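The block underneath contains the structure these notes are about, expressed in structure tokens.
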Amino acid sequence: MSHDPLTLPARLSLLAWDTAGPPSGGRPHPPGPARAGALVDLARRGLLTDRDGIATPADMDSRAGDAVLDGLLELVHESCPHSWRTWVTLRARVTADAVREQLVAGGYLRAEKRRVLGVFPSVEYALERAAAAKVLREETREVLLGPLPAAAVAERDAAVAVLADAADLLGARTDRRRVEELAERAGAPVPGLARIVHEVRAAVAATVPVPAPL
């Protein structure tokens, strides 16, 4: 998949932008997918481990070398023990804001300074590299919908796909068996990672609003 330098939270944040809609404005982006991506990314790197369902730093000194991931790792270090599901939403806006600034620095988004009522300073964000976001969206949909067997999908791509599906970022009608296979694939690199992926995926899905009946 393209965009290999992007971390999992960065990819999921980029997927939250609607490339078919206006480049700026619209509804606020939910912070859960970015946080979920950061948790899985840290677990993939062996920096967060699972201890009886608790997200636990592997040691006090290791770092990912990425500002967003290291920010979350520090937050986990300094906080009371929590489950993976709790961390998906607990102070998730901190991670989402950090990812947004990272995407601005990478040229994927642009920050536009404005004044509310002509007086109060404000910053709005707009999609700068819409083509890159569109390609990422198309590639992630292809992972979700096939035809490549799940076992042949790169683990990072599988992780992005199942978390994006849980957050309903793609609007794709997916086969549940396919998603489960991708979730297992996402957890392949590290023992116990599949369970972590399932935990954070369930927590993300629980944050998606249920459409009101017609």
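Here the condition is being open to solvent by less than 40 Å² (accessible area, probe 1.4 Å) and closer than 15 Å to Gly37 by Cβ; of Ala205, Ala161, Ala172, it holds for Ala161 alone.
Scanning the range 58-72 for residues that are under 26 Å from Ala105 (Cβ atoms), open to solvent by less than 80 Å² (accessible area, probe 1.4 Å) and not in a helix (DSSP H, G or I) yields a count of 4.
Among residues of the range 36-52 that are in contact (Cβ under 8 Å) with a residue 24 or more places away in the chain and over 14 Å from Leu72 (Cα atoms), those with a Cβ under 8 angstrom from a residue that is in a strand (DSSP E or B) and open to solvent by 10 Å² or more (accessible area, probe 1.4 Å), sequence gap 6+ or separate chain, pair up as Asp50/Thr56.
Every condition in (1) under 23 Å from Leu14 (Cα atoms); (2) open to solvent by less than 40 Å² (accessible area, probe 1.4 Å) holds for Val123 except the one numbered (2). With respect to the conditions (1) acidic (Asp, Glu); (2) at pLDDT below 95; (3) surrounded by 14 or more Cβ atoms within 10 Å (Cβ to Cβ), Glu112 lacks only one, and its number is (3).
Name the single residue, out of those in the range 80-111 being basic (Lys, Arg) and not in a helix (DSSP H, G or I), that is farthest from Glu128 (Cα to Cα).
Looking at residues that are basic (Lys, Arg) and not in a helix (DSSP H, G or I), I get Arg91.
So Leu148 clears everything in (1) aliphatic (A, V, I, L, M); (2) open to solvent by 60 Å² or more (accessible area, probe 1.4 Å); (3) assigned to a helix (DSSP H, G or I) except one condition, right? Which one? Status for Leu148: all satisfied but (3).
The values are calculated or read from the model by the stated rules, or taken from the named source; none is laboratory data. Computed from a predicted model, the values in this text were never measured in an experiment. Cβ: placed from backbone, ideal geometry, glycine included. Neighbour counts: every protein chain shown. We work out accessible area using only protein heavy atoms, side chains counted, and drop any ligands, DNA or RNA first. Shrake-Rupley method; radii C 1.70, N 1.55, O 1.52, S 1.80 Å.
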